[in-house]
Amino acid sequence: MIPFYMLTVEMSTEGITTDEVVEVMEKVKEPGVIQSYLQGLVPDLLAFLFQIVVALIVYFIGGKIINLLRKIVRKMLEKRDADEGLKQFLDAFIKFLCYFLLIMMILSLFGVATTSAIAVLGSAGLTIGMALQGSLSNFAGGVLILMLKPFRVGDYIVEDTHGNEGTVDEISLFYTKLKSVDNRVVVVPNGTLANSSMTNVTHCEKRQIDLKISVSYDTDLKMAKEVILQILRKDPDRLQEEEPKVFVSDLGDSAVVLGVRVWTPTEKYWECRWRLLEEIKNALDENNIEIPYQKLDINIKK
């Protein structure tokens, strides 16, 4: 253990005199020094806790105001009969913007200058933009979708690039959610939908059912066509103003292919298609019209 007099000598060589060291040691020995220090911290601690409480209150009230604002905007859009996708997109955008402003307000309560925070965000904007190129592209794609309206919420679309398809359930800031026929949720980036080919199946009010029916080469084609036309004309979901058509579409290797075309409301498409296929098959069987399967004739020469 180093003697105290040696310590004082070493410290004095560094510019601190022995009297100063003795004075400090005496102050430390005085009772209540730590207590006085802690008592000095109490006002600062109470002020910090008060700021936290105020920040929580501001966040709570701000959240209520933001929700109220979102409801008001949605009701205004509903009165103007706006598209559901536009409602969802604006709702997400307003929520993001308002919470950003609320956080800036709370930071100002803690003494953080909002101008400095915005300046920092601005200086980092280029870096963030480079890192989030895909997200910004998806955001721009969402804006284009809402402006050009290639599809709306409720439409059934097929994304041709990757084969994703389903009913549009939600158009958000960066992604569009599709619900498939087997109740799966498919999330497709807005940038992909805006920059690639896409098929909107349900955009029009009516659709044409296009069937291919094969019959034997021995079949009386006039009779086969008449049998199929009777089935088409009596179908309850056929559009009466559109005349159905049955024609020879192709001469196959082992069958004559008849083309069948009939128009139906879009919402009735699949039900009508499935029913027609079944009824045409039964009608051909009742009239002894053969539906051939592919076969190969083998001739053996002796």
Are any of the residues in the stretch 123-144 modelled with pLDDT of 75 or more, touching a helix residue (DSSP H, G or I) at 6+ places or on another chain (Cβ under 6 Å), surrounded by 11 or more Cβ atoms within 10 Å (Cβ to Cβ) and aliphatic (A, V, I, L, M)?
yes
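Select from the stretch 186-210 the residues that are within 30 Å of GLN294 (Cα to Cα) and touching a helix residue (DSSP H, G or I) at 6+ places or on another chain (Cβ under 7 Å) and list them in ascending order. Before the answer, list the steps.
Start the filter on the stretch 186-210 by keeping residues that are within 30 Å of GLN294 (Cα to Cα), which leaves 208-210.
Once the filter is applied, which keeps residues that are within 30 Å of GLN294 (Cα to Cα) and touching a helix residue (DSSP H, G or I) at 6+ places or on another chain (Cβ under 7 Å), the stretch 186-210 yields only ILE209.
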Using beta carbons and a limit of 7 Å, which pairs, at least six apart or on different chains, have the first residue in the stretch 212-233 and of a type in the set (Lys, Arg) and the second one open to solvent by less than 90 Å² (accessible area, probe 1.4 Å)?
LYS212/SER249; LYS212/VAL257; LYS212/GLY259; LYS225/VAL246; LYS225/LEU258; ARG233/PRO244
Hey, among LYS302, LYS234, LYS212, which residue is open to solvent by 60 Å² or more (accessible area, probe 1.4 Å) and more than 29 Å from VAL181 (Cα to Cα)?
LYS302
Among the residues of the stretch 241-252, is there at least one that is hydrophobic (A, V, I, L, M, F, W, C), surrounded by 11 or more Cβ atoms within 10 Å (Cβ to Cβ) and not in a strand (DSSP E or B)?
no
Those residues that are exposed (fewer than 15 other Cβ atoms within 10 Å of the Cβ) and at pLDDT below 90, I need them from the stretch 151-198; list them, please.
GLY154, ASP160, THR161, HIS162, GLY163, VAL181, ASN195, SER196, SER197
Apart from one, (1) touching a strand residue (DSSP E or B) at 6+ places or on another chain (Cβ under 8 Å); (2) open to solvent by 70 Å² or more (accessible area, probe 1.4 Å); (3) in a helix (DSSP H, G or I) all hold for ILE280; the odd one out is (2)
Number of the exception - TRP274 against (1) open to solvent by 20 Å² or more (accessible area, probe 1.4 Å); (2) assigned to a helix (DSSP H, G or I); (3) within 14 Å of LYS206 (Cβ to Cβ):
(3)
Read through the list (1) surrounded by 13 or more Cβ atoms within 10 Å (Cβ to Cβ); (2) modelled with pLDDT of 80 or more; (3) hydrophobic (A, V, I, L, M, F, W, C), then give the number of the only condition that ALA82 fails.
(2)
What number goes with the only condition from (1) surrounded by fewer than 12 Cβ atoms within 10 Å (Cβ to Cβ); (2) under 17 Å from ARG273 (Cβ atoms) that ILE228 does not pass?
(1)
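The values are calculated or read from the model by the stated rules, or taken from the named source; none is laboratory data. Every value quoted in this text rests on a predicted model; they were computed, and no experiment measured them. Note that we place each Cβ from the backbone using ideal geometry, even for glycine, and neighbour counts take in every protein chain shown. For the accessible areas, the whole protein counts, side chains as well, though only heavy atoms, and no ligand, DNA or RNA atoms are used. Shrake-Rupley method; radii C 1.70, N 1.55, O 1.52, S 1.80 Å.
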